[in-house]
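Asker: Attaching a single structure in structure tokens format; questions to follow.
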Amino acid sequence: MAMNGKGRWRRMNFSRLSAYLDTFYSEKNIPGLGIAMYHRHQPVYEHFTGFSDVENQVPFGRDSIFRLYSATKVVTCTALLQLLEQGKYTLTDPLYAYIPEFEQMLVRHPLSDGTEELFPARHPITIEHLFTMTAGIETIHTDAVRRTVAENGGEGPTLAVIKALAQAPLAFEPGSHFKYTVCHDVLGALLEVITGQSFGQYLQEHLFDPLGMKDTSFSLRDESRFCKLYNRFDGRTHRAESIGETIALQPGRGYESGGGGLYSTVPDYMVFAEALCNYGLAPNGERILRPETVNAMRSDRLAPAARQDFARFGGGSKLGYSYGLGVRTLVDREDNNSLSQNGEFGWDGARGCYVVIDPESEMTLFYAQQENGSPWYRWHGTVRNYAYASIWNG
């Protein structure tokens, strides 16, 4: 039940949303999924269907642990914004003031014959460039990073890896374009420099413990509850091309990736997302950010050229969105045919996780799946709109 604007109660109806999600196994080849919603800062819906382990018929449920992949980024940015509130840095600070290896950066300049030249960067990378993916930093898998991991016996200490990354040239002049890369990993290393703690320790003490997120970590705490990583699953044959990671996500053991390294569950991540929807105030009364910081997080930060780069990104799923401090933010709801309000924000993940945080509508949604090969970006918006319609048209 939900109260309307006149103080009367009206019924919500999630039957169409549940029916739609229950088709995903056979029609979209998704072995299992989970979803949860808050409306007006109260839990209103959960639904789980399919399996975390098809072969052994283990249902996908509230206790299923999965990789967040890039949905990790929202957590990373929240942690860094806590430090911004404390005055530990400013967004305009040059990155090299904290990690000196980034002071003398080179920029790639393509030539007409297909080659390129390297020139010194005219501007330093700022911390805001990291938040907005406009730093020009590219892949983490560089020769210098591989050497650093080898020298550490296969370990990938976060700060050491990022220092090695600074040896790679930039793709463009800092601030001039948007490029989706490993900027959030650099933010994790920056946090380590500022706090003197490991990235994981800080998150545990300042986010996971206060919010009661018992299953969220950079390490898998209970392998018996971990969702299998299916690659190109077929709902008709109940088989996948393969199971497991298909690419090297981490440069070395123990590397804590701010861009995609966390494990979590639907209830854990939902509590975190709901805190952001309520302007930093969690359901248990803990405050993780100030309201003005949440508003800064979801404010459009891209210059026109970078906005054009972002518009070409995401297989069409980001139409109507721009980019804030580490999150997508809705700037034109008509362009996305969205029932959410402008200012709705969040992100998604490589195997299909998706979070919607809408302070104006007081709506929070988190959807999780764990399948590689599906075009999840095509149905995220449909899931979102079904969810909103379930609230408004019960």
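The values are calculated or read from the model by the stated rules, or taken from the named source; none is laboratory data. Here the structure is a predicted model, which means the values were calculated and not measured. Note that each Cβ is placed from the backbone with ideal geometry, even for glycine, and that neighbours are counted across all protein chains shown. For accessibility, only protein heavy atoms count, side chains too; no ligands or nucleic acids. Shrake-Rupley method; radii C 1.70, N 1.55, O 1.52, S 1.80 Å.
Asker: Name every residue in region 294-337 that is among the aromatic types (Phe, Trp, Tyr) and open to solvent by less than 30 Å² (accessible area, probe 1.4 Å), in order of residue number. Give the derivation first.
Answerer: We begin by selecting, within region 294-337, every residue among the aromatic types (Phe, Trp, Tyr); these are 310, 313, 321, 323.
Scanning region 294-337 gives 310, 321, 323.
Asker: Pick from region 150-167 the residues that are touching a residue at least 60 places away in the same chain (Cβ under 8 Å), over 25 Å from the mean Cα position of the chain (by Cα) and under 21 Å from residue 198 (Cα atoms): which of them is most open to solvent (accessible area, probe 1.4 Å)?
Answerer: Among residues in region 150-167 that are touching a residue at least 60 places away in the same chain (Cβ under 8 Å), over 25 Å from the mean Cα position of the chain (by Cα) and under 21 Å from residue 198 (Cα atoms), the one most open to solvent (accessible area, probe 1.4 Å) is 152.
Asker: Applying the selection to region 53-69, what residues are open to solvent by less than 30 Å² (accessible area, probe 1.4 Å) and not in a strand (DSSP E or B)?
Answerer: 54, 60, 61, 64, 68, 69
Asker: How many residues are without any contact (Cβ under 8 Å) to a residue 60 or more places away in the chain and assigned to a loop (DSSP other than H, G, I, E, B) when one looks only at region 103-130? Before the answer, list the steps.
Answerer: Looking only at region 103-130, we keep the residues that are without any contact (Cβ under 8 Å) to a residue 60 or more places away in the chain, and these are 103-104, 109-126, 129.
Narrowing the set further to residues that are assigned to a loop (DSSP other than H, G, I, E, B) leaves 103-104, 111-115, 121-125.
Residues meeting the conditions: 12.
Asker: Just give me the residues in region 231-248 being touching a residue at least 24 places away in the same chain (Cβ under 8 Å) and either in a loop (DSSP other than H, G, I, E, B) or within 20 Å of the chain's Cα centre (by Cα) (or both), in sequence order.
Answerer: Correct list: 235, 236, 238, 246, 248.
Asker: Among the residues of region 344-389, how many are in contact with a Pro (Cβ under 9 Å, 6 or more places away or on another chain) and either of a type in the set (D, E, K, R) or open to solvent by 10 Å² or more (accessible area, probe 1.4 Å) (or both)?
Answerer: 2
Asker: So which residues in region 184-219 are more than 18 Å from residue 160 (Cβ to Cβ) and in a helix (DSSP H, G or I)?
Answerer: We begin by selecting, within region 184-219, every residue more than 18 Å from residue 160 (Cβ to Cβ); these are 203-217, 219.
Correct list: 203, 204, 205, 206, 207, 208, 209, 210, 211.
Asker: Also, quick follow-up: For residue 141, are the conditions met, namely being touching a residue at least 12 places away in the same chain (Cβ under 8 Å) and not in a helix (DSSP H, G or I)? Step through it out loud before you land on a result.
Answerer: On the way: touching a residue at least 12 places away in the same chain (Cβ under 8 Å): yes; not in a helix (DSSP H, G or I): yes.
Yes, satisfied.
Asker: If residue 291 passes every condition in (1) touching a Gly at 6+ places or on another chain (Cβ under 8 Å); (2) within 18 Å of residue 38 (Cβ to Cβ); (3) surrounded by 21 or more Cβ atoms within 10 Å (Cβ to Cβ) but one, which one does it miss?
Answerer: Going through (1) touching a Gly at 6+ places or on another chain (Cβ under 8 Å); (2) within 18 Å of residue 38 (Cβ to Cβ); (3) surrounded by 21 or more Cβ atoms within 10 Å (Cβ to Cβ) one by one, residue 291 breaks only (3).
Asker: Quick one: is residue 142 surrounded by fewer than 15 Cβ atoms within 10 Å (Cβ to Cβ), out of contact with any Asp or Glu (no Cβ under 7 Å at 6 or more places or on another chain) and not aliphatic (A, V, I, L, M)?
Answerer: Criteria not met by residue 142.
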